[in-house]
Amino acid sequence: MNIKNLFSKRNEIIEGHFNELRSKLGAANQNEEAIFSLREEICNACPLKNGNNCNAMKWLNPETLEVADGPKDGFIRGCGCRLSAKQRSRFSLCPAGFWGGEFDQK
């Protein structure tokens with residue numbers, strides 16, 4: 001991972017935690033919260049969800065939802081992220097492509 005990507009990921013993590021805190025304090029942007037809620041529903045239905053994390057020890061075929069213990073063609077590895085924060089980062093993406101890009105400038 002290059003340095004630009006590393007800093008981008010750091011900023012996504014910080015923003016996600018900040019938005020999570022704003023939500024807990026009742027100061028969240030309600031339009032954003034509606035999208036974050038949809039992301040949470042998607043993650044809750046994902047077989048890679050393990051508690052509040054995306055299981056980085058498993059691989060998922062996004063088309064069939066088949067789960068594997070090791071890499072396979074067409075499978076995506078779980079990101080390992082703490083989901084309650086990642087879902088609230090406007091510019092984060094689900095590695096399997098289930099959500100993300102909702103806040104991109106058109």
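The values are calculated or read from the model by the stated rules, or taken from the named source; none is laboratory data. Keep in mind that what you see is a predicted model, and the values were worked out from it rather than measured. Virtual Cβ from ideal backbone geometry, glycine too; neighbours counted across all protein chains shown.
Please go through (1) farther than 10 Å from L48 by Cα; (2) loosely packed, with under 15 Cβ neighbours inside 10 Å; (3) out of contact with any Pro (no Cβ under 8 Å at 6 or more places or on another chain) for K86 and return the number of the only condition it doesn't satisfy.
Only one criterion in (1) farther than 10 Å from L48 by Cα; (2) loosely packed, with under 15 Cβ neighbours inside 10 Å; (3) out of contact with any Pro (no Cβ under 8 Å at 6 or more places or on another chain) is unmet by K86, namely (2).
Is it the case that some residue within segment 47-68 is more than 14 Å from the chain's Cα centre (by Cα), at pLDDT 90 or above and at positive phi?
yes
Could you give me the residue pairs with C-beta distances under 7 Å whose first residue belongs to segment 6-22 and is closer than 15 Å to L83 by Cβ, whose second residue is modelled with pLDDT under 90 and among the aliphatic types (A, V, I, L, M) wherever it lies, and which are 6+ apart or on separate chains?
Every condition considered, the pairs that remain are N19/A28.
Return only the number of the condition from (1) more than 23 Å from L65 (Cα to Cα); (2) surrounded by 14 or more Cβ atoms within 10 Å (Cβ to Cβ); (3) at pLDDT 90 or above; (4) not β-branched (V, I, T) that A27 does not satisfy.
In the conditions (1) more than 23 Å from L65 (Cα to Cα); (2) surrounded by 14 or more Cβ atoms within 10 Å (Cβ to Cβ); (3) at pLDDT 90 or above; (4) not β-branched (V, I, T), A27 misses (2) alone.
Please tell me if E40 is of a type in the set (D, E, K, R) and at pLDDT 95 or above. Talk me through it step by step, then tell me what you get.
On the way: of a type in the set (D, E, K, R): yes; at pLDDT 95 or above: yes.
Spelling it out, E40 is indeed of a type in the set (D, E, K, R) and at pLDDT 95 or above.
How about segment 51-63: which of its residues are out of contact with any Pro (no Cβ under 6 Å at 6 or more places or on another chain), free of Cβ contacts under 8 Å to residues at least 24 places away in the same chain and either loosely packed, with under 14 Cβ neighbours inside 10 Å or closer than 23 Å to A85 by Cβ (or both)?
Matches in segment 51-63: G51, M57, K58, E63.
Condition check ((1) surrounded by fewer than 15 Cβ atoms within 10 Å (Cβ to Cβ); (2) part of a helix (DSSP H, G or I)) across all residues:
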{"position": "E12", "(1), (2)": "no, yes"}
{"position": "L21", "(1), (2)": "yes, yes"}
{"position": "N31", "(1), (2)": "yes, yes"}
{"position": "A34", "(1), (2)": "yes, yes"}
{"position": "R39", "(1), (2)": "no, yes"}
{"position": "L65", "(1), (2)": "yes, no"}
{"position": "C79", "(1), (2)": "no, no"}
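Which condition breaks for P71 when tested against (1) under 12 Å from the mean Cα position of the chain (by Cα); (2) loosely packed, with under 12 Cβ neighbours inside 10 Å?
Here P71 meets the rest and fails (1).
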